[in-house]
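Laboratory data are not the source of any read-out in this text; all were calculated from the coordinates shown. Only a predicted model underlies this, so the values are computations on that prediction, with no experimental measurement involved. Here the Cβ positions follow ideal geometry from the backbone for every residue, glycine too, while neighbour counts run over all protein chains shown.
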Amino acid sequence: MTKGQKQFWLAGAALLALSASANAAAPVKKPATKPVQLAQSSPDKTAQNSSAGASSANSDLEARVQALEDALAARDERAQNDRTRLSTLEQTYATQAWTFDNGRPVLATGDGRFTMAVRLRFQSDFASFSQDDTHPAGFAGPADLSTGMVIRRAYFGVEGKVYSDFGYEFRLNLGGSNGGLNATCTNPSVTTTIAGAPGATATSTATGCAIGSIPTAGEGDPLLNKAVISYTGIPFWHLNVGVIEPAFMFEGTTSSGQLIFLERPEIDNIAADLFGAGDSRRGIELGWAKSDTLWAGDNLAITGIFSGGKTGSAAGHGNGGDEPAQVLGRVSERLWTNGLSNISIGASAASILYSGNAAGGGSQTINLQDRPQIRVDGTRLISTGGIAAKTGDMWAVDFGGNLNSLFIGGEYAQFTVDRQCGTLSATLNPQCTSSTAVFDHPTFSGWYLEGSWLITGETKAYTASALNNETGGFQAPIPSRPFSIYGGSWGAWELAVRYANTNLNWHPTQAASTTQLAGILGGEQHVLSVALNWYLNRNVRLMIDDSFVTVKKGTAAIPNRDGQDLNILGVRLQFAN
């Protein structure tokens, strides 16, 4: 390359370098386009919106925090309340509180699961007998019943509950039918009967026990009157076990402290003595009772009982003897109530499964008998005597009701005994294949009708559901103005009337039969009683009964030889809580 060419290329390279440098230094122009504007591009609006969003978020957060704080506070309050209740229960669990309910002291634990109430009942009876001065020829009935007094009942006991579902009742009777203590004297070689004993004849003239004899009690009331454990944990049901007092028959479901008259009618007493009812019975009772069962205001109660002998009797507990056994039951229904007035009906039935053996394995007998609605003298004016029988049955129907201060009630009962052949000839009576074969079925009956009027206007309350006959059925009135001399109040007054008829005769015209078992001349008794009751307060009562008694009893030859008319004036002073 020549020198001139080399200078030419150097000058061109320099020119190109200067052009590139100039282009790099010049600014680059962009196409002219319309700028895109974003929403809320204004700085003031953006700031405002940012502030509002933050405020809303803070408010929500504060609300959530407040709700959480409130829930925590409520939880703490509940926990504190639970701790307070638990502490209170712990402090009061062993605390005892005494209260007085109807004059009845009641001790209870702080939680109410354990209670104990003291029960008292005292009845002092006086009776005066007025009898006929003259009697038919051959008269052998009692002509001089004993005027006097008797402590009819002197109950002392406790009752209550344990663990809420279990109940108990224990009661002693320090009184009793002293006038009915017709004792016998038993000797290995001599047996003597005191005059006037049940079944005794006019020739029983002994006045004391033979030397070496062992006196045995007759009819006195048992000391142990009641000892029951109850279970009530199942709604509407109750189970009683021990020495019970069965709820049976109309008057039998009324406490002795609530009776209108001094004594229950004869048919109720016969059922109590022979068919397993009455107090002091060893047995078991299952009952169900519920109000508003079939319709509003009704009350249905059903009870079933299996019972043995009384606690005061050792019959059937020695060699060769078995204890009496009975099954019985009752259904009652209160048909209607308006709160003050009530109407009820009922039915009762019982069967003697085994009448028990006499001492030493003697023959089995059933004896229907009762006094004329008084216990001061223990003499029975009507009695079938011992009927050779192992079994027997009975049934009864009843009704009761009150309309404000008026009350009316009644009952009919029929008793049947399965009489055995004994020594009856099998030749004349083919069914008598043995002495214990049943030959016939003597049947007896009785009924009564009673009514009362509460002069001072009170009403009889009806206890719809009850565990036993101490609280069931129609109750005595509660005086609206208890007796007080200074207060000018006189308690409640009641006038009552009852007529009772009991017939213990069976085919009396066959009493002398030799081809069949003789008829039974137990007698027929009519009692018209008029009563005036003064309820000084809920606990103290004075009762006056005037009874007009007619007895028809005799022999086949002289049907009314031992019949008589008499008047009995009875007075009772009672305290019951």
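For region 365-499, report the translational diffusion coefficient in µm²/s to the nearest whole number, using Stokes-Einstein at 4 °C, 1.567 mPa s, and a Kirkwood Rh over Cα pairs. Before the final figure, lay out the partial values.
Details: Rh = 19.2 Å.
Answer, rounded: 68 µm²/s.
Three principal axis extents describe the C-alpha atoms of region 354-432; from largest down they are 63, 32, 21 Å.
A simple count of charges around MET249, restricted to other residues whose Cβ falls under 9 Å of its Cβ and scoring Lys, Arg +1 and Asp, Glu -1, yields -2. Under 5 Å from the amide H of ARG119 lie the amide H atoms of GLY157, VAL158, GLU159, each residue being 5 or more positions distant or on a separate chain, with H modelled from the backbone and absent for Pro and chain starts.
Would you calculate the volume per residue, in Å³, of the smallest convex hull containing every Cα atom of region 382-423?
84 Å³
Per 5 Å bin, what percent of the C-alpha pairs of region 478-555 does each bin hold, from zero upward? The calculated distribution, bin by bin, is 4, 13, 15, 11, 10, 9, 8, 7, 7, 6, 5, 3, 2, 1, 0.
Once each part is reduced to its C-alpha centroid, what is the distance from region 103-144 to region 523-577 in angstrom? Going from one Cα centre to the other spans 14 Å. Counting neighbouring beta carbons within 10 Å and listing from fewest to most, the residues ARG281, ARG152, ARG104 come out as ARG104, ARG152, ARG281. With the highest mean first, a sort of the peptides 284-290, 129-135, 413-419 on other beta-carbon atoms found within 10 angstrom per residue produces 413-419, 284-290, 129-135. With K and R counted +1 and D and E -1, the other residues having a Cβ less than 11 Å from that of THR416 yield a net charge of -2. Exposure proxy for THR384, THR391: other Cβ atoms within 10 Å of each Cβ, ordered fewest to most, give THR391, THR384. When the Cα gyration tensor is reduced to axis lengths a ≥ b ≥ c, the ratio a/c is 1.5 or higher for region 275-378, and with a/b above b/c it is classed as prolate. Cβ-to-Cβ counts within 10 Å put ARG330, ARG538 in ascending order as ARG538, ARG330, the fewest first. Each 10 Å bin from zero up to the one holding the largest Cα-Cα distance in region 421-577 carries the following percent of pairs: 9, 23, 23, 17, 15, 9, 3, 1, 0. Shown in residue order for region 397-408 are the 3J(HN,Hα) couplings computed by the Karplus curve 6.51 cos²θ - 1.76 cosθ + 1.60 at θ = phi - 60°: 10, 8, 8, x, x, 9, 10, 6, 8, 9, 9, 9 Hz (x for Gly and Pro).
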